[in-house]
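Beneath this line is the structure, given in structure tokens, with notes to follow.
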Amino acid sequence: MKKILITGGAGFIGSHVVRRFVNSYPQYEIVNLDKLTYAGNLANLTDIESKPNYRFLKADITDAAEINELFQREQFDAVIHLAAESHVDRSIADPTAFVMTNVIGTVNLLNAAREYWKGNYDSKRFYHVSTDEVYGALGETGMFTETTAYDPHSPYSASKASSDHFVRAYHDTYGLDVVISNCSNNYGSHHFPEKLIPLAINNIKNNRPVPVYGKGENVRDWLWVVDHARAIDVIFHQAKTGETYNIGGHNEWKNIDLIQLLCKIMDKKLGREAGTSAKLITFVTDRAGHDLRYAIDSTKLQEKLNWVPSLQFEEGLEKTVDWYLENEKWLSDVTSGNYQAYYETQYHGR
Ligand code: NAD
Ligand code: TYD
């Protein structure tokens, strides 16, 4: 049986990846390693936590000794690495945790893989999940391809770019089997409500102002998280060693247009008069160094591996709103920090 370590599996995207692998591959043993930071929430995985091919391990990837001991003990066949500090605004406020987890944490995992997979690199795989933000900002036109030069601007994207370089270096220098994917902005269920879409849903629901940075002119390319997880599955199984794939939905939206659409959906779902939610839109001071536009060219993934997004954005956004409205307890727990207690009661000592 193949034993796969998924890091960051209690987070937003990681939980969707864990769910997909646990449900689709009963022949794999899936080990979810997560530190359970403010963004890690085991309540994201209640539907699969009792499956026989799933296990959770609380650990911190910045702790090299702990990671080495784990690799020695567990004999993983592959790693799918998602654990990260992921929020640009937090990285602007304090970059250090981003260097520690995203750079040092990734290098700790690479070192353990290099050491404990020695002699078997051909049968092992290190899959590094990254972001399109490493490519920097686009102007009004153009798209990021796999050969676009790295030009990160925020501390978050600088830390992810650095980790991508280390992953490639371990392939080029030591021959480790690595694969990297760089994805555009994700949306969907279980998204921590500090990021634009879940934050706006939560604020509209509670009649609080919806902060739009600057003039709302910045453009992001949105992909349904379930489609990202499916792309990771396809790339993990089919990419050649050392390859990079861009993942994106060809779905660019100006922030202000997206928020206007979300307001319309929320009015409909909450039975409010049209235009009510849009009154909550509040333009606030722009983010420092705010990248103007991201857009992903995922032609390589579509042509080589036959992956295409499955869901139209309007439909996906409506589905996402439904999920948040149906999961009030999840939302109130994450906004109050209560989910930390879940680990203590459900998992401690397991
Ligand atoms: P998230 O913040 O929701 O989840 C991150 C997870 O990592 C959390 O469960 C957290 O507890 C865990 N973690 C953090 N530090 C850790 C540490 N030191 N040791 C162990 N676990 C730790 O993030 P996300 O949005 O799900 O992103 C997952 C990955 O995908 C990240 O690598 C991110 O860079 C990448 N990515 C995200 C997006 C996006 O739109 N969110 C787009 C492209 C790529
Ligand atoms: P975010 O969800 O933080 O993702 P990223 O910075 O990784 O793209 O932000 C998405 C876009 O929305 C980005 O252009 C910043 C903007 N934004 C707001 O206008 N208001 C907000 O409250 C947040 C969190 C983001």
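Odds and ends about this structure:
- Of all DSSP beta bridges confined to the chain, the antiparallel ones make up roughly 10%.
- Positive end of the dipole of the chain (Cβ unit charges, origin at the Cα centre): among Ser24, Leu292, Val99, the Cα lying farthest that way belongs to Ser24.
- Of interest is the spacing of the C-alpha centroids, which for region 292-311 and region 100-166 amounts to 18 Å.
- Net lengthening on full extension, Ser123/Glu66 (0.36 nm per residue, minus Cα-Cα): 18.1 nm
- Take every pair of alpha-carbon atoms less than 8 Å apart whose residues are at least six positions apart; their mean separation over the length of region 135-245 yields a relative contact order of 32 percent.
- Rounded FRET efficiency, nearest 0.05, which uses the C-beta distance separating Lys2 from Asn306 and R0 of 22 Å: 0.45
- Every Cα-Cα pair of region 136-230 was included, and the share exceeding 19 Å stands at 59 percent.
- FRET efficiency, 1/(1 + (r/R0)^6) with R0 25 Å, evaluated for Asp322 and Asp257 via beta carbons: 0.75
- Per-residue ellipticity at 222 nm computed for the chain from its helices equals -12000 deg cm²/dmol, with DSSP H segments shorter than 4 residues left out and the rest contributing -39,500 (n - 2.57).
- Charge dipole of region 115-263 about the Cα centre (unit charges at C-beta), most positive-ward option of Gly242, Asn186, Thr147: Asn186
- 3J(HN,Hα) along region 239-248, derived from phi through the Karplus expression 6.51 cos²θ - 1.76 cosθ + 1.60 where θ = phi - 60°, amounts to 5, 7, 4, x, 7, 10, 10, 8, 10, x Hz, with x in place of Gly and Pro.
- Normalised by residue count, region 1-145 yields a Cα convex hull volume of 136 Å³ per residue.
- For region 210-350, the Kirkwood hydrodynamic radius comes to 18.1 Å, computed from all pairs of different C-alpha atoms.
- Note on Phe283 and Tyr174: their simple-model spin labels are 5.1 nm apart, each label 7 Å out from Cα toward Cβ.
- A simple spin-label model places pseudo-atoms 7 Å from Cα toward Cβ; at Glu243 and Lys215 they are separated by 4.2 nm.
- Over the chain, relative contact order from alpha-carbon pairs under 8 Å, at least 6 apart, %: 18
- Among the GluC sites (Glu not before Pro) in region 218-275, those located in a DSSP loop and surrounded by at most 14 other Cβ atoms within 10 Å of their own Cβ are Glu273.
- Value of D in µm² per second that Stokes-Einstein yields for the chain, Kirkwood Rh from Cα pairs, at 37 °C (0.692 mPa s): 159
- Relative contact order, percent, region 71-209 [alpha-carbon distance under 8 Å, six or more residues apart]: 29
- Between Leu57 and Thr96, the distance separating the two model label sites (each 7 Å from Cα on the Cα→Cβ line) works out to 2.8 nm.
Here, each number is a calculation from the coordinates, and none is a lab measurement. Being a predicted model, the structure only gives us computed values, none of them experimental. Note: ideal-geometry Cβ built from the backbone for every residue, glycine included; neighbour counts use all protein chains shown.
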